[in-house]
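Before any comments, here is the structure.
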Amino acid sequence: MVEQTTHLQPDSVLDACGLHCPLPLLKAKQALAGLAPGQLLEVRATDAGSWRDIEAFAEQSAHHLEAREQCGEIYHYWLRKAEGERS
């Protein structure tokens with residue numbers, strides 16, 4: 001999946017580094033609410049629990065997890081806001 005992320009250009013970047021569970025997910029939800037449908041949010045987090053939390057959130061919501069990767073201590077997620085969602 002690492003090779004996929006090089007072409008992803010986020011519309012917004014959320015730096016949730018240093019925040020502990022469940023804050024990275026809560027901040028991601030808030031950031032998605034501020035985006036237009038179809039826009040891409042990149043989330044950066046250092047909390048290992050975010051790997052599970054953000055994947056589960058994407059599976060349970062209409063939003064799409066385009067990609068995720070771990071680079072050292074930082075987890076990167078690319079979430080696309082669902083087309084049917086309003087800001």
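The values are calculated or read from the model by the stated rules, or taken from the named source; none is laboratory data. Since we're looking at a predicted model, the values are computed, not measured. Neighbour counts run over all protein chains shown; Cβ positions are idealised from the backbone, glycine included. Side chains are part of the model used for accessible areas, which takes the heavy atoms of the whole protein and leaves out ligands, DNA and RNA. Shrake-Rupley method; radii C 1.70, N 1.55, O 1.52, S 1.80 Å.
Protein heavy-atom accessible surface, 1.4 Å probe, per residue over the chain: 57 Å². Seen from VAL13, the other residues with C-beta closer than 11 Å to its C-beta sum to a net charge of -2, counting Lys and Arg as +1 and Asp and Glu as -1. Each other residue within a Cβ distance under 12 Å of PRO22 adds +1 if Lys or Arg and -1 if Asp or Glu, for a net charge of +1. For the pair ALA56 and VAL13 in one chain, pulling the backbone fully straight at 0.36 nm per residue adds 13.5 nm over the alpha carbon distance. Taking GLY18, GLY38, GLY72 in turn, the Gaussian network model of the chain (Cα-Cα springs below 10 Å) assigns the largest fluctuation to GLY72. Remark: the LEU23-HIS64 segment gains 12.8 nm on full extension, using 0.36 nm per residue and subtracting the alpha carbon distance.
The slack in the chain from ALA48 to GLU83, taken as 0.36 nm per residue of separation less the alpha-carbon distance, amounts to 9.7 nm. Loop sites only, by DSSP: take the GluC sites (Glu not before Pro) in the chain that have at most 12 other C-beta atoms within 10 Å and name the longest stretch containing none of them. Between the exposed loop sites, the longest stretch runs 1-72. The C-alpha radius of gyration of the chain, expressed as a fraction of 2.2 N^0.38 Å, stands at 0.98.
Near LEU65, once Lys and Arg are set to +1 and Asp and Glu to -1 for all other residues with Cβ below 14 Å from its Cβ, the sum equals -1. Taking the helices alone, the chain has a mean residue ellipticity at 222 nm of -9000 deg cm²/dmol, built from -39,500 (n - 2.57) per DSSP H run of at least 4 residues and averaged over all its residues.
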